[in-house]
């Protein structure tokens, strides 16, 4: 059977998936299940997500941009790989979990006068600094990796953009892709932290999960007010993480080989860049693109959606599911 391929969404990320989808041995996408679930999903509202960010900082446009993109650099691995305990923190009279706990800790640091959004501070940050900023009932995982990330990002910001992500955004086109000068193009080129690519045989597969997610949060949080708007948000893919593939697996849109299924159910680590891990992430992006197209086929012209809206629908409803998801020690998601 010829390989079905999404035709209405164009991006280098989707194009890079073809060899994985054609040659996969561990993961399979089921088009018949996509049609089945599109049949009910098409009639939901599917709104842009209401992001919690940035805890009352929205009055300061420049600080909002800085907050979102600095937090994006650290938006990964919130579950302890050994205990499976989720990172959490109490702030402003509420308990926050996962990424929202990260955002809360950052806002708490700003409340304490710590210049956590400035490149000059980030390039010199220490593990002790982060232990204080991200203090909670349990430590934030992979803290040494986060120190290295912030130092690297802070150095670029301090040396080229006056220490601010705001200046980075203002320096280029407000597009995802634009002849190599779009925001995603530049994030991946200028900040090694965002070069989320994996080998698959002789091919290089692009995922760019965090870079795309950061731009989507900017667009979703600020486009209504007109303070920031991507010119081409339809070129974003889904965000290849842990939760969306688990949702697709529960819905039967994805299926795994017996060996991979057992590995996930037993909560054993899957090393980064192995065929199993790359196939899970690639099929997540492929299936969500096909699902978005099928949903749009059933919706009127004035109610068309883009892939991140489908991603948000899946993530929102399944991010607290007790169904096991794959586990990979990585700084990319």
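Numbers for the structure displayed
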item: Filter result for residue 130 (out of contact with any strand residue (DSSP E or B) (no Cβ under 9 Å at 6 or more places or on another chain), part of a helix (DSSP H, G or I) and over 21 Å from residue 62 (Cβ atoms)); result: yes
item: First in segment 41-70 and on the phi > 0 side of the Ramachandran plot and at pLDDT 75 or above, second anywhere and surrounded by 15 or more Cβ atoms within 10 Å (Cβ to Cβ) and part of a loop (DSSP other than H, G, I, E, B), Cβ under 8 Å, 6 or more apart; result: 46/305
item: Yes/no for residue 88 being in contact with a helix residue (DSSP H, G or I) (Cβ under 8 Å, 6 or more places away or on another chain), free of Cβ contacts under 8 Å to residues at least 40 places away in the same chain and surrounded by fewer than 20 Cβ atoms within 10 Å (Cβ to Cβ); result: no
item: Options 275, 300: the member that is out of contact with any helix residue (DSSP H, G or I) (no Cβ under 7 Å at 6 or more places or on another chain), without any contact (Cβ under 8 Å) to a residue 24 or more places away in the chain and over 24 Å from residue 84 (Cβ atoms); result: 300
item: Given (1) surrounded by 21 or more Cβ atoms within 10 Å (Cβ to Cβ); (2) modelled with pLDDT of 95 or more, number of the condition residue 32 does not satisfy; result: (1)
item: Test result for residue 287, touching a residue at least 12 places away in the same chain (Cβ under 8 Å), touching a strand residue (DSSP E or B) at 6+ places or on another chain (Cβ under 9 Å) and either part of a helix (DSSP H, G or I) or over 14 Å from residue 44 (Cα atoms) (or both); result: yes
item: Subset of segment 71-84 (residues that are modelled with pLDDT under 90 and part of a loop (DSSP other than H, G, I, E, B)); result: 80, 81, 82, 83, 84
item: Residue count for segment 93-124, restricted to those that are assigned to a loop (DSSP other than H, G, I, E, B), surrounded by fewer than 20 Cβ atoms within 10 Å (Cβ to Cβ), touching a residue at least 12 places away in the same chain (Cβ under 8 Å) and in contact with a helix residue (DSSP H, G or I) (Cβ under 7 Å, 6 or more places away or on another chain); result: 2
item: Considering residues of segment 242-255 that are touching a helix residue (DSSP H, G or I) at 6+ places or on another chain (Cβ under 8 Å) and buried (at least 23 other Cβ atoms within 10 Å of the Cβ) only, the residue farthest from residue 330 (Cα to Cα); result: 253
item: Qualifying residue in segment 73-83 (condition: free of Cβ contacts under 8 Å to residues at least 24 places away in the same chain and either more than 24 Å from residue 137 (Cα to Cα) or surrounded by 14 or more Cβ atoms within 10 Å (Cβ to Cβ) (or both)); result: no
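Residue-wise test of (1) touching a residue at least 60 places away in the same chain (Cβ under 8 Å); (2) touching a helix residue (DSSP H, G or I) at 6+ places or on another chain (Cβ under 8 Å); (3) within 30 Å of residue 84 (Cβ to Cβ); (4) surrounded by fewer than 21 Cβ atoms within 10 Å (Cβ to Cβ).
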position	(1), (2), (3), (4)
135	no, yes, yes, yes
141	yes, no, yes, yes
154	no, yes, no, no
161	no, yes, no, yes
170	no, no, no, yes
173	no, yes, no, yes
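The values are calculated or read from the model by the stated rules, or taken from the named source; none is laboratory data. Worth saying up front: this structure is predicted, and the values here are computed from it rather than measured. With ideal geometry, Cβ positions are generated from the backbone for all residues, glycine too; neighbour counts draw on all protein chains shown.
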